[in-house]
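Okay, structure first, notes after.
The values are calculated or read from the model by the stated rules, or taken from the named source; none is laboratory data. Keep in mind that this is a model prediction, so the values were computed, not measured. Positions of Cβ are generated from backbone atoms using ideal geometry, with glycine treated the same way; all protein chains shown enter the neighbour counts. Heads up: the accessible areas ignore ligands, DNA and RNA and are worked out on the full protein's heavy atoms, side chains in. Shrake-Rupley method; radii C 1.70, N 1.55, O 1.52, S 1.80 Å.
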Amino acid sequence: MTLVKSIPKTPESRISFTEYQRYDEIRQYLSQLASSYPSTVTVQTIGQTYEGRPLDIIQISSGGDGSRPVILIDAGIHAREWIAPAAALYVINQLVENTAESALTDSVDWHIIPVLNPDGYEYTFTDERMWRKTRSRASILCTGVDGNRNFDFHWNEVGASSYPCSDTYAGSEAFSESETQALRDYILANANRIKLYLTFHSYGPYLLYPWGYTSELPDDWETLDALARQADAAQQAAGGPSYAIGSSTNVLYAAAGGSDDWTKGVGGVALSYTIELPGGGSQGFNPPASDILNLVTPFFEAVRVFGQYVADNYG
Ligand code: 0X9
Ligand code: ZN
């Protein structure tokens with residue numbers, strides 16, 4: 001009688017960081033993690049895109065009956081910023097598959113949406129590499145809304161456009177997009193547990209905190225600033241670049257309707273950041289696939305600092 005070949009104790013990672021992944025491959029990876037690690041990984045669909053794709057979130061928890069503090073991460077609201085979903089996948093990969101990183105999940109749960117705008121993301125593979133927006137078609141003039149101008153907090157007041165053909169089109173109304181609605185509903189449903197929110201973009205390097213709608217600073221800006229500086233120092237020590245740190249308006253430009261501002265201003269998550277990963281390639285948004293690991297490995301050290309902070313203060 002032949003025995004079935006042994007099942008590896010630690011399943012090998014089924015994701016590559018030497019290539020950018022299509023949305024289907026990303027979804028497959030998440031579902032493989034859910035079946036390989038049923039006690040720690042759950043994958044849920046939190047909505048559908050305009051074109052009908054499922055919006056997946058992976059929840060990573062080592063236990064605690066669903067009452068531990070949550071770090072919420074999303075990436076890829078801007079379609080062309082490919083390094084952002086790649087970085088989210090790397091975080092998922094390390095938290096789930098690298099047993100040496102188990103301390104990061106000891107007392108904190110991680111909920112990660114690796115691609116918040118998969119319609120746009122897929123479109124950048126098939127049609128137009130530099131597409132930024134969603135793919136909704138509300139106007140006869142042009143397609144797509146800037147998801148990061150679509151949140152209902154000082155919506156369309158500054159740094160956004162009412163013209164459907166603009167790359168910063170705020171939408172016909174706040175939360176016109178099913179993708180931003182899905183994130184809003186998820187945050188509201190989990191508001192009591194989410195202690196920190198990170199949205200991954202490119203390109204920077206910038207570590208930004210609210211507000212993006214005004215040059216005024218939130219009351220707790222010193223906490224936000226100090227934590228960002230600590231995260232930056234850690235990733236610099238691992239060979240990463242020096243991030244510019246400050247409020248979105250003061251460091252980058254004024255732009256209202258971003259997910260970071262809404263999450264803090266309405267969602268009640270005090271610690272809310274936009275992280276612009278370093279750029280690369282001919283247009284900044286297109287670092288070669290051979291650079292993915294060089295970019296995301298030091299970056300993980302910044303994520304570790306955020307995780308440690310939440311563990312120390314809420315865990
Ligand atoms: O403009 C944006 O949405 C972000 N920069 S990007 O180059 N990735 O498009 C910055 C957003 C900062 N946050 C807010 N303005 N609320
Ligand atoms: Zn962006």
Item to check | Single match in Arg135, Arg193 (criterion: open to solvent by 20 Å² or more (accessible area, probe 1.4 Å), of a type in the set (Lys, Arg) and within 25 Å of Pro287 (Cβ to Cβ)) | outcome: Arg135
Checklist entry - With respect to the numbered conditions (1) closer than 11 Å to Tyr209 by Cα; (2) under 16 Å from the mean Cα position of the chain (by Cα), which one is the sole condition not fulfilled by Thr249? => result (2)
Checklist outcome for this item: Log entry, pairs with first residue in the range 273-302 being outside any helix (DSSP H, G or I), second being at pLDDT 95 or above and more than 16 Å from ligand 2 (Cβ to nearest atom), beta carbons closer than 6 Å, six or more apart or on different chains, reads Pro278/Pro241; Gly280/Asp291
Item to check | Count of the range 215-248 residues which are open to solvent by 30 Å² or more (accessible area, probe 1.4 Å), in a helix (DSSP H, G or I) and acidic (Asp, Glu) | outcome: 1
Checklist entry - Can we say Tyr37 is surrounded by fewer than 18 Cβ atoms within 10 Å (Cβ to Cβ) and aromatic (Phe, Trp, Tyr)? => result yes
Checklist entry - Any residue at all in the range 249-263 that is among the charged types (D, E, K, R), under 30 Å from Glu173 (Cα atoms) and open to solvent by 50 Å² or more (accessible area, probe 1.4 Å)? => result no
Checklist entry - β-branched (Val, Ile, Thr), within 16 Å of ligand 1 (Cβ to nearest atom), assigned to a strand (DSSP E or B) and open to solvent by less than 20 Å² (accessible area, probe 1.4 Å): does that describe Ile73? => result yes
Checklist entry - What do you reckon, is Thr214 hydroxyl-bearing (Ser, Thr, Tyr) and either more than 16 Å from the chain's Cα centre (by Cα) or more than 25 Å from Thr180 (Cβ to Cβ) (or both)? => result yes
